[in-house]
1. Going by what's in this entry, would Gly30 be described as in contact with a Pro (Cβ under 9 Å, 6 or more places away or on another chain) and open to solvent by 30 Å² or more (accessible area, probe 1.4 Å)?
2. For Leu217, are the conditions met, namely being among the hydrophobic types (A, V, I, L, M, F, W, C), out of contact with any Phe, Trp or Tyr (no Cβ under 9 Å at 6 or more places or on another chain) and open to solvent by 30 Å² or more (accessible area, probe 1.4 Å)?
3. Which of the residues that make up the range 47-88 are of a type in the set (Val, Ile, Thr) and either touching a residue at least 60 places away in the same chain (Cβ under 8 Å) or within 19 Å of Leu175 (Cβ to Cβ) (or both)?
4. For the range 154-171, what are the residues that are surrounded by 10 or more Cβ atoms within 10 Å (Cβ to Cβ) and either among the small types (Gly, Ala, Ser) or outside any strand (DSSP E or B) (or both)?
5. Which condition number in (1) within 29 Å of Lys176 (Cα to Cα); (2) open to solvent by 30 Å² or more (accessible area, probe 1.4 Å) is the one that Val85 fails?
6. Would you say Gly129 is open to solvent by less than 30 Å² (accessible area, probe 1.4 Å), modelled with pLDDT under 95 and among the small types (Gly, Ala, Ser)?
7. May I ask you to list the residues in the range 92-119 that are surrounded by fewer than 13 Cβ atoms within 10 Å (Cβ to Cβ) and within 18 Å of the chain's Cα centre (by Cα)?
8. So which residues in the range 177-194 are exposed (fewer than 15 other Cβ atoms within 10 Å of the Cβ) and within 16 Å of the chain's Cα centre (by Cα)?
Amino acid sequence: MSAYIALVPAAGSGSRFGAPSPKQYLQLLGKPLMWHTLSVLAAVPAMTRVVVVISPEDDWFDSFDWDIPKLEVLRVGGSSRAASVHNGLAALAAAGEDWVLVHDAARCCLTVAMVERLIARVADDEIGGLLALPVADTVKRATADGHVSKTIPREGLWLAQTPQMFRCAQLLRALKNGVEAAITDEASAIEMLGLQPRLVEGEAQNFKVTYPADLALARAILAAGKEG
């Protein structure tokens, strides 16, 4: 029987955030932002391991009390997301047929229900799949000087989220064979093998904390969840 393993790449510096520490360690309701992410993944009953991949030079992780079951740490992070996921997969010592669910550390408003929906829809899929949202807004392509070049039809367009769920061996092969510059997420690496991952509808609250204003929204969502 295949195991389900969560893999969270967290070797980035969060330079766009402009904070004194990497954004995954910023305080959110009294815990590091990434604590909320890892806690949800650990709370999924089917998940056997929750593995966070950090930089070998990370001086922050050991400063916090993570108190999260199933949590493992791999200090093999690379210079890019693709490199961190590849290195993490190579170090997992997992079976090739095991499912790995790669999730952004900064998507801290994930819920157990979202993960279970993904697993239910993808567990019998030959390729794997990802959470995503259909594009609801009108999409414009811009010129180099910031004017509208054209309107892009939004039918069939989706915004990729995470987790993204694939077999360990196949994802490792995809990341090893792919051109790193073209790999923006795990699904894009799988697509480079000529395969078509399944899209599973996610939720708007599963956004990635990228800018300072996002932190206030994440705080409000998490606080509302605790009150509920």
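The values are calculated or read from the model by the stated rules, or taken from the named source; none is laboratory data. Note that the coordinates shown come from a computational prediction; the quantities given were computed from them, not determined experimentally. Here the Cβ is made from the backbone with ideal geometry for all residues, glycine too, and neighbour counts use every protein chain on show. We work out accessible area using only protein heavy atoms, side chains counted, and drop any ligands, DNA or RNA first. Shrake-Rupley method; radii C 1.70, N 1.55, O 1.52, S 1.80 Å.
1. It is false that Gly30 is in contact with a Pro (Cβ under 9 Å, 6 or more places away or on another chain) and open to solvent by 30 Å² or more (accessible area, probe 1.4 Å).
2. Spelling it out, it is not the case that Leu217 is among the hydrophobic types (A, V, I, L, M, F, W, C), out of contact with any Phe, Trp or Tyr (no Cβ under 9 Å at 6 or more places or on another chain) and open to solvent by 30 Å² or more (accessible area, probe 1.4 Å).
3. Val51, Val52, Val53, Ile54, Val76, Val85
4. Within the range 154-171, Arg154, Leu157, Ala160, Cys168, Ala169, Gln170, Leu171 qualify.
5. Val85 satisfies all of (1) within 29 Å of Lys176 (Cα to Cα); (2) open to solvent by 30 Å² or more (accessible area, probe 1.4 Å) except (2).
6. In short, no.
7. The answer is Ala113, and nothing else.
8. Within the range 177-194, just Thr184 meets the criteria.
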